[in-house]
Amino acid sequence: MRFPLHITTDMIKHQLRHGLKGHKRYPFVLMLEPLYTCNLACLGCSVERHTGRIEDRLTLEECLKAADDSGAPVVSLCGGEPTIYPELKGLVEGIIARKRHIYLCTNGLLLDRTVYGQIAPHNRLTLNIHLDGLKRTHDQVCDREGVFDNALEMIKEGKRLGYRITTNTTIFKETDMDEVEALARLLREHQVDGMLLSPGYQYDDSVESDFFLAREEIHQKFQRVLDLSKRYRLTSTPMFLEFAAGLREYPCSPWSTVTYTPQGWRGPCYLIGEKYYQTWEEFWQSVDWNYWESRQDPRCYNCKMHSGFEASVVLGLRNSLKDMLRMAVWNFLE
């Protein structure tokens, strides 16, 4: 299976519960940013995510309350760099005790000191290591030599110790797609459990960017990704990849991936922090979901991010038996 059975069944039960209650909108994933502090300053990362004092981090209690408030079955620990978070062990254990699934998103630099030997492998814990290319490219993006080699060693060690490990790669304007395929081939050799490829998209379509992708450029790059998905264990659904390649359309589901940070709940979505709310109720009731679903805001024009559209794919399955069967084959048989 592409995803462990317990993750798949928990997600299905989550949808059924909300469907029976008549809920149209509900979170699938909580992006939890316990701190903004990071040990890297990567190109393409917003300033708030690689600066910040560790003293300004969320408390363990605030983090766990966010998990309770959102009710999302999946919690993605990000930041900042979550392996720096002093209360990481308690946070992971608290989320697992709530029967949620964790994706610990990390650059891998500190895994051998703060995770391996400290936090035991668990079927609800996935380590998600960021790699933006092979050695030269990744080290350049991270603005530090040796980051790629360290990440690869941490993947090897993590697999040896029994952790479930996936990777996340951002595709930018200058990304060489042949290199992306070479990276996918290398990661398959290291037996990673899945690879996520995400577009680094351009927020402001009126300004030319040498780094981020406009909509048409995303389509071009992801036509190649769609081809790679036939040979490598990518975690994006086939329908989402067709959307990213410009072959189908979906409305956005900004409420499906909610984000809690040291500043509060980020609205309207993971990527656009137009306003921060101090309580879950204020956030959930105040955001104009109809507006953001419509994608009429100029900042949404180029967006093809999985955080906004994978839920749209899942919810759209009820309208297509063909897509439903295709999804089942993709998850269970490939």
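List of remarks:
- Comparing the range 72-149 with the 2.2 N^0.38 Å rule of thumb, its C-alpha radius of gyration ratio is 1.17 (two decimals).
- Which listed pairs, of K173/K230; K230/K275; K221/K322; K135/K159; K13/K135; K99/K230, have C-alpha distances above 30 Å, in listed order: K230/K275; K13/K135; K99/K230
- L196 long-range amide H proximity, modeled H, under 5 Å: T167, N168, T169, T235
- Nearby aspartates and glutamates by direct alpha-carbon distance to K304 (threshold 12 angstrom, same-chain neighbours under 8 apart not counted): E216, E217, E242, E249
- Highest GNM mean-square fluctuation among R160, R144, R224, for the chain modelled with Cα contacts below 10 Å: R160.
- Within the chain, antiparallel bridges make up roughly 20 percent of the DSSP beta bridges whose residues both belong there.
- A rounded overall shape is assigned to the chain, the ratio a/c of its alpha-carbon gyration tensor axes (a ≥ b ≥ c) being less than 1.5.
- Taking amide H atoms as placed 1.01 Å from N in the peptide plane, the amide H of L213 lies under 5 Å from those of K173, G200, Y201, Q202, each 5 or more residues away in sequence or on another chain.
Values quoted throughout were computed directly from the atomic coordinates according to the rules given, and no laboratory measurement underlies them. Values in this document were obtained by computation on a predicted structure and should not be read as measured data.
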